[in-house]
Each structure stands twice: as C-alpha cells, then as structure tokens.
1. Using a 7 Å offset from the Cα along the Cα-to-Cβ direction at both L96 and D7, what is the distance between the two label points in nm, to one decimal?
2. Mark the label point 7 Å from the Cα of C118 along Cα→Cβ and return the residues of the range 80-94 whose backbone N is within less than 11 Å of it.
3. Sorted by packing (mean other beta-carbon atoms within 10 Å per residue), highest first, where do 138-151, 40-53 land?
4. So, by mean Cβ neighbours within 10 angstrom, what's the order for 28-39, 71-82, 163-174 with the highest one leading?
5. Return the percentage of antiparallel bridges among DSSP beta bridges fully within the chain, rounded to the nearest 5 %.
6. Tell me what the chain gives for mean residue ellipticity at 222 nm when only DSSP H runs of n ≥ 4 count, each as -39,500 (n - 2.57), the sum divided by the residue total, rounded to 500 deg cm²/dmol.
7. Could you check the simple spin-label distance between V174 and T21, using points 7 Å along Cα→Cβ, in nm with one decimal?
8. Based on the Cβ-Cβ distance from E153 to I84, what FRET efficiency comes out when R0 is 51 Å, to the nearest 0.05?
Amino acid sequence: ALAAAMDDDTAAVILETIPATLGMPVPSAAYLQSVRRLCDARGALLILDEVQAGLGRTGKLWAFQHYDILPDMVVLGKGLSGGIYPVTATVLRRPLERVFHPDPFIHVSTFGGAEPGCVVMQKVLELTADPAFLEHVNHMAALIAERMAGLLERHAGFLTGFRQKGLMMGLEMVDEYCGPLLTKTAYDNDLLMVYANNDTRVCQFLPPLIIEPHHLDEIFPRLDRALRQARRLRPLLKLRARVGRIFRKDKS
C-alpha cells in the first residue's frame, strides 16, 4: 500500500516506529527495512516519530535500532523532558542540517533552545544511554512477559494477546468494548492504563522505566482483578451498545 501511495513527488514518509495509539503493533524488521528502501528509491525522507518509543522504552536507546535502519529525521518529546521541563526535539542527519548554514533563521521557534530545557535534555540522554539502564529495561521486560503469560492463560477468551517491545506493551482483548472497559476497571484498582484510541481492543501498558521487580508483586494482582471485573462487565456493555443502536435506528 505504501509503495502504491508513493511517487517521485513524495517528500517524506512519516511513521511512528511502534504506534501506541494504533494498539502497539510491533513491526517486523523486514517491513521497516522495506520502507527505508522505498524512501531511498523515491528520494523521500524517512521521518520516525519516537516520542513514545524512544529513550530506552523498547530496551534500546532508539526503537529503530532494533530494525537495522537509519532514519533521516527523528522526532522526540515526552520522556525527553524528564518530567521537569517541557521539551521536544527534531534530530536531523548531517546532510539535512546544512540547509541552516546559509540562513540560520530559515526556521525559528519562540522557545527553541531554552537553556533549562537543554540542560534537562542532556541529563535525560545521559541516563537513558547508559548500558546499565537499558539492561534494566530489558530485564524488567522479561519478568513482565513471564507474569503476563499467566494472565493470558487465566483470562483466555478475553485477553487474546500481548504485544511487547521492551517496556512498550499492549494488552490485546477480544473486541472493541474491552479497552475502555479495562481502562476503567484498572483505574478502580489504582492502575493507570489507557486504551489505544485507534484500536480499542488494546490497552497500553507503559510502566515507568525505573520500575523494580518488587513492584510487579503489587501490579499483577491488581491487573488480574481488573481483568476479572472487565470480563464480568463486558456482556452488559455490549447489551447497552446494542440497545443504543436500536433506539438510534428507531429515531432515524
């Protein structure tokens, strides 16, 4: 589909490396490598959005490093702020950066280059690039995968899949009612999870990267309860939706 959409006038292809609001589908290396080749063939830039997937979330500093590709531009944000100072960044390959040499003011930003933000950003990059930090992320990802296998077995028929790359994870359920439902029952059990807006079968599961093994002893019983409650409530939610459709049809 992408190949058909591109031609010699295509300036760029913009993708999230792992799109969170699409339900955390983890792409294959073959797919992203084919996108890179298509961009090269058409003379188009490959721009990756790593606002959520970057900075160690997937177990590597940048998610695209899992796929043996190099984008032309990368967009960063969210965790780049360290929770202290709002900051975003657009990172360019050196040949693209040359456009600013003859006229540095060709593109300006009112708050661009703010000194406190740059200090925060440098520290975040220092911490997330530390091999020990990335090793911790991968260790926790493995522990969570083990625990999640038990939930998949206990909630078979409701919890249908687990999408994971490091600590970027999604819980896939049986139908589109389940994501919003689990968001609510998880909240009732003191867990903050958000369903994927463009695939409401999936709930995003994004713990802090500094999570420790003992936290799982608290998280997973709460998640188990939330799943049980969502399973019980799902038939009622489906019935309510069906009745609502009937009334809307009658009114029309």
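1. 2.4 nm
2. Correct set: none at all.
3. Ranked by mean Cβ neighbours within 10 Å, highest first: 40-53, 138-151.
4. So the peptides 28-39, 71-82, 163-174, ranked by packing, come out 163-174, 71-82, 28-39.
5. Rounded to the nearest five, the antiparallel share is 70 percent.
6. One gets -14500 deg cm²/dmol as the mean residue ellipticity at 222 nm.
7. Going by the 7 Å Cα→Cβ label model, 2.9 nm.
8. Given R0 = 51 Å and the Cβ-Cβ separation, E is 0.80.
Every number in this text was worked out from the coordinates using simple rules, so none of it is lab data. As the structure is a prediction and not an experimental result, all values here were calculated from the model. Note that each Cβ is placed from the backbone with ideal geometry, even for glycine, and that neighbours are counted across all protein chains shown.
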